[in-house]
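Participant: Pasting a structure below so you can have a look.
The values are calculated or read from the model by the stated rules, or taken from the named source; none is laboratory data. Just so it is clear, the structure is predicted and the values come from calculations on it, not from any experiment. Here the Cβ is made from the backbone with ideal geometry for all residues, glycine too, and neighbour counts use every protein chain on show.
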Amino acid sequence: MHVLILGGTTEARVLAGLLHGTVRVTSSLAGRVAAPRLPAGEVRVGGFGGVEGLAGWIRQHHVDAVIDATHPFAERISFNAAGAAATAHVPLLALRRPGWVPVKGDRWHETGSLAEAADRLDGLGKRVFLTTGRMGLAAFADRPEWFLVRSVDPPEGPVPARTEVLLDRGPFTLEGERTLLAEHRIDVLVTKDSGGAATAPKLRAAREAGVPVVVVRRPPVPQGVRTAATPEEAAAWLRG
Ligand code: NAP
């Protein structure tokens, strides 16, 4: 059995580790990160060339099942996976870590896009901690606030005029996030609802400090695609 994992997340890497040795596993990475953490098993890097390209790859490499374990905000590849799996007649599962939910004390402002998140900053403060990744920062480029941008690799494209970049990769600690908010005198945090434990400490640190959080909601999983919340659940789906 040959399983294709569309990866780029911690869960995808964990799943590859779980499956490796029991079935043939190929993990696919987009190639955005300069030095990615590599999963167990075979790895291929780079785009497939849309739905048709992915369907062709599935057929050519005799893939029996596809698990879309990409980031909840990687919308295009998930859409392509749904189309390609249907075209190539292979089963598809989307592995999506659960989203975050606000708890008592949180001051969340939920928005539907990065552009909306940028607009939502009005009146929330002058110093912004932006953790939405290095892509899409153009949405904030015209903002007057000072930004601390944290990303794995340097940002691409336009960034706000007053930007300090902090290159770092999770998991992050609560203590570290508390210090970061305090040292940079952060007024407001902007995040995608990525879910998962690795980057959640910033939410708790913000809650403790009374810092409001602008949260970008996730795009939906393509219609009709079955989902699993954990790598273990995804492995059980393959066995079942
Ligand atoms: P995207 O907008 O959904 O995808 C854009 C294009 O990149 C796709 O059409 C596809 O090219 C290629 N691609 C994406 N993921 C791929 C994969 N795993 N293997 C091979 N090709 C892939 O994706 P994105 O938001 O740019 O994210 C790129 C990757 O980074 C994803 O794999 C994702 O898991 C990871 N990631 C994303 C975020 C985020 O916030 N978006 C955060 C952390 C990690 P073709 O059409 O040519 O096949």
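Participant: Of the residues H71, H62, which single one is over 25 Å from T131 (Cα atoms), in the same structural domain as R226 (by TED's automatic domain parsing), touching a residue at least 40 places away in the same chain (Cβ under 8 Å) and assigned to a loop (DSSP other than H, G, I, E, B)?
Facilitator: H62
Participant: A further question on this structure: Scan segment 10-42 residue by residue and report those that are more than 15 Å from S78 (Cα to Cα), part of a strand (DSSP E or B) and either touching a Lys or Arg at 6+ places or on another chain (Cβ under 8 Å) or not assigned by TED's automatic domain parsing to the domain that holds R76 (or both).
Facilitator: Scanning segment 10-42 gives T26, E42.
Participant: Same structure, new question: For segment 199-212, does any single residue satisfy the condition of being surrounded by fewer than 16 Cβ atoms within 10 Å (Cβ to Cβ), of a type outside the set (A, V, I, L, M), under 30 Å from L15 (Cα atoms) and out of contact with any Phe, Trp or Tyr (no Cβ under 9 Å at 6 or more places or on another chain)?
Facilitator: There is at least one residue in segment 199-212 that is surrounded by fewer than 16 Cβ atoms within 10 Å (Cβ to Cβ), of a type outside the set (A, V, I, L, M), under 30 Å from L15 (Cα atoms) and out of contact with any Phe, Trp or Tyr (no Cβ under 9 Å at 6 or more places or on another chain).
Participant: Also: Return yes or no: is A85 more than 19 Å from the chain's Cα centre (by Cα) and either within 16 Å of the ligand (Cβ to nearest atom) or not acidic (D, E) (or both)?
Facilitator: Against the criterion (more than 19 Å from the chain's Cα centre (by Cα) and either within 16 Å of the ligand (Cβ to nearest atom) or not acidic (D, E) (or both)), A85 qualifies.
Participant: Please enumerate the residues belonging to segment 56-74 that are more than 13 Å from G8 (Cα to Cα) and surrounded by fewer than 20 Cβ atoms within 10 Å (Cβ to Cβ).
Facilitator: Those that are more than 13 Å from G8 (Cα to Cα) and surrounded by fewer than 20 Cβ atoms within 10 Å (Cβ to Cβ): G56, W57, R59, Q60, H61, H62, D64, A65.
Participant: Pick from F48, F129: which is aromatic (F, W, Y), buried (at least 17 other Cβ atoms within 10 Å of the Cβ) and away from the ligand (no atom under 16 Å from the Cβ)?
Facilitator: Going through F48, F129 in turn, just one is aromatic (F, W, Y), buried (at least 17 other Cβ atoms within 10 Å of the Cβ) and away from the ligand (no atom under 16 Å from the Cβ): F129.
Participant: Checking P91 against (1) touching a Phe, Trp or Tyr at 6+ places or on another chain (Cβ under 6 Å); (2) away from the ligand (no atom under 15 Å from the Cβ); (3) within 18 Å of L15 (Cα to Cα); (4) of a type outside the set (G, A, S), which test does it fail?
Facilitator: Of everything listed in (1) touching a Phe, Trp or Tyr at 6+ places or on another chain (Cβ under 6 Å); (2) away from the ligand (no atom under 15 Å from the Cβ); (3) within 18 Å of L15 (Cα to Cα); (4) of a type outside the set (G, A, S), P91 misses just condition (1).
Participant: Say we look at segment 144-183 and pick out the residues that are of a type in the set (D, E, K, R) and farther than 25 Å from A34 by Cα; which of these is surrounded by the most Cβ atoms within 10 Å (Cβ to Cβ)?
Facilitator: Filtering segment 144-183 for residues that are of a type in the set (D, E, K, R) and farther than 25 Å from A34 by Cα, the one surrounded by the most Cβ atoms within 10 Å (Cβ to Cβ) comes out as E145.
Participant: When G53 is evaluated against the numbered criteria (1) near the ligand (Cβ under 8 Å from one of its atoms); (2) part of a helix (DSSP H, G or I); (3) crowded, with 21+ Cβ neighbours inside 10 Å, which criterion, by number, is the only one it fails?
Facilitator: Of the numbered conditions (1) near the ligand (Cβ under 8 Å from one of its atoms); (2) part of a helix (DSSP H, G or I); (3) crowded, with 21+ Cβ neighbours inside 10 Å, the odd one out for G53 is (3).
Participant: I'd like to check something: does segment 8-20 contain any residue that is among the charged types (D, E, K, R), closer than 24 Å to G83 by Cβ and more than 9 Å from the ligand (Cβ to nearest atom)?
Facilitator: yes
Participant: While we're on this one: Please determine, by comparing only the residues of segment 10-30 that are out of contact with any Gly (no Cβ under 8 Å at 6 or more places or on another chain) and farther than 17 Å from L54 by Cβ, which one is surrounded by the most Cβ atoms within 10 Å (Cβ to Cβ).
Facilitator: L15
For every residue, the table says whether it meets (1) touching a residue at least 24 places away in the same chain (Cβ under 8 Å); (2) β-branched (V, I, T); (3) assigned to a loop (DSSP other than H, G, I, E, B).
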| residue | (1), (2), (3) |
| --- | --- |
| G8 | yes, no, yes |
| R44 | no, no, no |
| V66 | yes, yes, no |
| G105 | yes, no, yes |
